[in-house]
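Notes for the one structure printed next.
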Amino acid sequence: MNPQLLLSRIRVVLCRPSHPGNIGAAARAMKTMGLSSLYLVEPKQFPDPEADVRATGAVDLLQAANITSSLKDALAGTIFAVALSARQRDLGPEIGAPRETVARLLREAEQGEVALVFGNETMGLSNEEILHCQAAVTIPTNPDFSSLNLGSAVQVLCYESRMAAFAGQPPIRVQGVTPFASQPATLDEVEGLYGHLEKIMTDTGFFNPEQPGRLMPKLRRLFGRVRLEKDEINILRGVLASTQVKTGYGRKD
C-alpha cells in the first residue's frame, strides 16, 4: 500500500495536554514525518499563540486539529490504537517496544484508521484511557534520566511510523535536490553500450573482431555484476564518445 496513504491513516491523539507549546511541537514533529491527523482531548489552553510559534511551519495541522471531550470520541472510527505508557499497568495491553509495535500499527492501517495515543505531560494516560487502546508502547530512555518531552515522544513514534511505512523503498526525493540514483537502464540501452564499446575498441585496435576471444563476454560479465542505471550508461557512452570527438571539457594542463 502507498506509504503516504498509510501515514495519513494514523491519528496522533494528545490527551489533556497542559502546555500549548507542546501541542505546537507535536504538530511540527508530525509534519516532518508525513503525518497530518491531530486530535486533542480536552486541551487546557488551545488555540494559543505559543502553539503556533512552536509549530513553525505546521500551523496548518493546528488549524485542522480535531478537539474532543473524551478519548473515546477521539478514537471513534479507528480500528486499532497504541497507547504510550512509561510503565506496565495491572490492567490493559502488554507494553511492547516502539519498532515492533509501530510495525503492527502500520499493518492495521492497511485496513483502516489507527491512532497513537499520548497522555498528559505530568500524569500520562489514566488506566481508563489505556483500556481504550489495543496495544501499548514505551520508549526505552536512559533509566537515570527518563523524562521525555511530549513533543519528543511524538517525534520518536512518528519517525518509527515513517520508517515502517517506507520499509524497503528508496528515500523520498527532497524538493530542489537531485537524487543520487537514476532509473535502471533498459536492455536496449545496455546493448547500446556494448555495441559502442566494441566499436571504439575495434577502431583503436584494442579489439580484433576476427579473433574476438573472450573479451566481450568478460566485459559483459563485468558490467553484469551491477544493475546499470540510465545515468551511468550515459556517462560511459560520453567517455567513449570523447575518444572520437574531443568535448573540450575536463582538466587542462
List the residue pairs whose Cβ atoms are under 8 Å apart, where the first residue sits in region 194-221 and is basic (Lys, Arg) and open to solvent by 60 Å² or more (accessible area, probe 1.4 Å), the second is part of a helix (DSSP H, G or I) and at pLDDT 90 or above, and the two are 6 or more positions apart or on different chains.
Arg220/Tyr194
Given (1) in contact with a Leu (Cβ under 9 Å, 6 or more places away or on another chain); (2) open to solvent by less than 30 Å² (accessible area, probe 1.4 Å); (3) closer than 28 Å to Lys44 by Cα, where does Leu105 come up short, assuming only one miss?
(3)
Just one of Val117, Val82 is in contact with a Ser or Thr (Cβ under 7 Å, 6 or more places away or on another chain) and of a type in the set (Val, Ile, Thr); which is it?
Val82
Looking only at region 128-147, decide whether some residue is free of Cβ contacts under 8 Å to residues at least 60 places away in the same chain, over 21 Å from the mean Cα position of the chain (by Cα) and in a helix (DSSP H, G or I).
yes
Over region 28-48, the set of residues closer than 21 Å to Ile10 by Cβ, out of contact with any Ser or Thr (no Cβ under 9 Å at 6 or more places or on another chain) and surrounded by 17 or more Cβ atoms within 10 Å (Cβ to Cβ) is Lys31, Leu38, Phe46
Within region 148-169, work out how many residues are open to solvent by 20 Å² or more (accessible area, probe 1.4 Å), in a helix (DSSP H, G or I) and under 20 Å from Ala55 (Cβ atoms).
5
Exactly one of Ala83, Ala51 is open to solvent by less than 10 Å² (accessible area, probe 1.4 Å), part of a strand (DSSP E or B) and not hydroxyl-bearing (Ser, Thr, Tyr), and that residue is Ala83
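Has region 58-79 got any residue that is assigned to a helix (DSSP H, G or I), open to solvent by less than 50 Å² (accessible area, probe 1.4 Å) and closer than 15 Å to Leu150 by Cα? Outline the logic, then answer.
We begin by selecting, within region 58-79, every residue assigned to a helix (DSSP H, G or I); these are 59-63, 71-74.
Applying the additional criterion that residues be open to solvent by less than 50 Å² (accessible area, probe 1.4 Å) yields 59, 61-62, 71, 74.
Then keep just the ones that are closer than 15 Å to Leu150 by Cα; that gives none.
No, every residue in region 58-79 fails to be assigned to a helix (DSSP H, G or I), open to solvent by less than 50 Å² (accessible area, probe 1.4 Å) and closer than 15 Å to Leu150 by Cα.
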Need pairs with beta-carbon distance below 7 Å; first residue in contact (Cβ under 8 Å) with a residue 40 or more places away in the chain and hydroxyl-bearing (Ser, Thr, Tyr) and within region 148-164, second assigned to a loop (DSSP other than H, G, I, E, B) and buried (at least 17 other Cβ atoms within 10 Å of the Cβ); sequence gap 6+ or separate chains.
Tyr159/Met33; Ser161/Met33; Ser161/Leu35
Taking the criterion of being modelled with pLDDT of 95 or more and either among the aromatic types (Phe, Trp, Tyr) or touching a Ser or Thr at 6+ places or on another chain (Cβ under 6 Å) (or both), would at least one residue in region 164-181 satisfy it?
no
Check Arg28, Arg11 and return the single one that is assigned to a strand (DSSP E or B) and closer than 24 Å to Met163 by Cβ.
Arg11
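The values are calculated or read from the model by the stated rules, or taken from the named source; none is laboratory data. Values in this document were obtained by computation on a predicted structure and should not be read as measured data. Note that each Cβ is placed from the backbone with ideal geometry, even for glycine, and that neighbours are counted across all protein chains shown. Note: areas computed on protein heavy atoms with side chains; ligands, DNA, RNA excluded. Shrake-Rupley method; radii C 1.70, N 1.55, O 1.52, S 1.80 Å.
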